[in-house]
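Below: one structure, written as structure tokens.
Bear in mind that the values in this text are calculations on the coordinates, not laboratory data. These numbers were taken from a predicted model, which means no experiment stands behind them. All Cβ positions, glycine included, derive from the backbone under ideal geometry; neighbour counts span all protein chains shown.
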Amino acid sequence: MNVLLLGSGGREHALAWKLSKSSKIVKLYVGPGNAGTKEIAENVAINPMNFREVGLFCLENNVNILVVGPEAPLVEGISDYFSNNPDLKNIIVIGPGKKGALLEGSKDFAKGFMSVYGIPTAGYFTACKATIDKAIEFVEKQTPPYVLKADGLAAGKGVLIIDNKDEAILSLKEMLNGKFGEASARVVIEEFLSGIELSVFVLTNGNEYVIFPEAKDYKRIGEQDTGLNTGGMGAISPVSFADKEFMDKVENKIILPTINGLNKEGIPYLGFIFFGLIKVGNEPYVIEYNVRMGDPETEVVIPRLKNDLLDLFIAAKENKLSEIDIKFEDDFAATVMLVSGGYPGNYEKGKEITGLENNKDGKIFHAGTKIHNGKVVTEGGRVIAVTCLGKTKDIAVSKSLEIAEKVSFEKKYFRKDIGFDL
Ligand code: AMP
Ligand code: GLY
């Protein structure tokens with residue numbers, strides 16, 4: 001099988017690493033990839049948003065499976081572009097079509113879907129300019145903090161959590177007036193849920209599904225979960241509080257009704273569903289859906305997967321997922337993200353990275369790197385994810401931290417307390 005994986009982050013390096021081990025892989029391409037994927041696959045200079053270019057590459061290189069890492073091409077309809085094109089329709093696309101991708105691409109759609117199918121989630125009101133008075137009434141009825149979400153994709157920045165009511169109403173108006181462009185033409189106002197978050201992933205073909213190990217990511221830049229939100233500073237899998245009883249609830253109250261709902265809506269779906277959950281008391285609630293794997297969660301989930309990932313993709317396509325015996329390492333996995341100084345604000349790129357050979361005890365996944373003049377240099381805010389496995393969470397974390405110390409680039413920063421609350 002020839003596979004093209006789209007994306008360039010740590011998630012894609014982890015997926016590429018796993019795919020490269022498949023017995024069925026003939027040729028693995030990553031578009032555009034990074035300095036890490038270049039070691040294990042062929043990087044191709046391709047823009048995942050240019051569907052024509054992606055399609056032509058697949059035809060010219062006899063690609064059998066297209067795996068879409070990030071959400072943006074899915075929300076824009078790359079899967080439909082392939083299924084609607086007679087030359088491309090036989091290529092398996094891992095990632096839903098535009099309708100399925102609305103679960104992530106429109107918060108209003110996701111909330112409406114959850115309310116129709118009785119999936120536990122925070123109460124909400126969707127505001128647009130025409131309904132501002134009702135929206136303010138809804139805000140008035142909430143207790144602080146106030147949760148405002150741009151309906152559309154806003155590069156992970158579209159959620160505001162505000163303590164003060166007047167400020168919340170002001171921000172609501174700013175959002176409706178284009179603070180996040182078209183993405184905030186509608187704003188979902190939510191009841192605030194208090195609890196502890198975790199991420200759960202399934203691979204599904206719309207009928208069958210396999211559940212991957214759950215993970216917890218650490219979104220804030222500062223230790224003890226302080227400071228600005230980032231794309232994710234580290235992750236742990238498994239999550240100690242997600243015991244069997246809780247995960248059974250997740251499956252019965254959230255995963256099954258979601259898959260059944262997609263069926264009832266006539267929405268075909270082949271790909272991952274990422275359930276961003278919060279445990280309130282002993283009950284799971286959905287904070288958000290994503291239609292792809294998480295980053296940095298992939299960097300802890302995929303190293304625990306024992307099965308051949310390509311086999312899972314093919315089984316999903318051939319309606320044979322229920323025949324799969326999915327197996328995971330019992331060990332804990334911890335990933336620590338090394339980021340550029342200044343991130344998530346302004347930061348510099350192009351810093352040489354050294355010490356990458358210190359990977360014997362773990363995996364060094366590249367998140368934002370490239371090759372420049374034969375050297376590996378920084379190319380993003382999140383630069384390197386170091387993953388280690390261990391018999392306990394603490395062993396896994398300390399092994400990752402040991403490697404994190406040895407990899408170096410100017411103004412490197414990382415959190416040393418990943419997993420502190422588990
Ligand atoms: P989202 O992009 O929807 O995942 O939201 C980003 C973050 O905001 C989440 O990971 C939560 O920490 C927080 N958040 C979102 N919605 C709520 C809510 N209804 N109650 C409490 N926290 C929330
Ligand atoms: N780690 C959260 C995300 O991938 O959206």
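Taken as Cα centroids, the stretch 238-263 and the stretch 134-189 sit 29 Å apart, rounded to the nearest whole angstrom.
Checking the cross-link pairs LYS157/LYS219; LYS157/LYS179; LYS98/LYS253 against a 22 Å limit on the alpha carbon distance flags LYS98/LYS253 as lying beyond it.
The slack between SER240 and VAL26, meaning 0.36 nm per residue of separation minus the straight C-alpha distance, is 73.2 nm.
Kirkwood radius and radius of gyration were both taken over the C-alpha atoms of the stretch 17-72, and their ratio Rg/Rh is 0.94. Summary of the geometry: the stretch 357-374 and the stretch 203-234, compared by the centres of their Cα atoms, lie 22 Å apart.
Put a dot 7 Å past the Cα of LYS157, heading toward its Cβ, do the same for LYS360, and the two dots end up 4.3 nm apart.
Take the Kirkwood radius over Cα pairs of the stretch 198-308, plug it into Stokes-Einstein at 10 °C and 1.306 mPa s, and you get 108 µm²/s for translational diffusion. Legend: P(r) of the stretch 181-229 from all alpha carbon pair distances, 5 Å bins from 0, whole percents, reading 5, 13, 11, 15, 17, 21, 14, 4, 1.
The shape of the chain can be summarised by an equivalent ellipsoid whose semi-axes, obtained from the alpha carbon gyration tensor, come to 31, 26, 22 Å from longest to shortest. Residues whose amide H falls under 5 Å from that of VAL280, counting only those 5 or more places apart or on a different chain, are TYR285, with hydrogens built in the peptide plane.
Please give the contour-minus-distance gain from ASP87 to ASN229: 0.36 nm per residue of separation, less the Cα-Cα distance, rounded to one decimal in nm. Fully extending the segment from ASP87 to ASN229 adds 46.9 nm.
In whole percents, the pair-distance distribution calculated for the stretch 155-246 from its alpha-carbon pairs, binned every 5 Å from zero, is 3, 10, 15, 16, 17, 17, 12, 8, 3, 0. Counting helices only, and only those DSSP H runs with n ≥ 4, report the 222 nm mean residue ellipticity of the chain as the sum of -39,500 (n - 2.57) divided by its residues, in deg cm²/dmol to the nearest 500. So the calculated ellipticity at 222 nm is -7500 deg cm²/dmol.
When every alpha-carbon pair in the stretch 73-219 is counted, what percent end up more than 22 Å apart? It works out to 49 percent of all Cα pairs. Each residue of the stretch 26-42 was assigned a 3J(HN,Hα) from its phi angle through the Karplus curve 6.51 cos²θ - 1.76 cosθ + 1.60 (θ = phi - 60°); the sequence is 9, 9, 10, 10, 10, x, x, x, 8, 5, x, 5, 4, 6, 10, 8, 9 Hz, with glycine and proline shown as x. Extension gain, ASN61-HIS372: 0.36 nm per intervening residue step, less the Cα-Cα distance, totals 109.3 nm. Evaluated at q = 0.18 Å⁻¹, the base-10 log of the normalised Debye intensity for the stretch 248-368, with identical point scatterers placed on the Cα atoms, takes the values -1.22.
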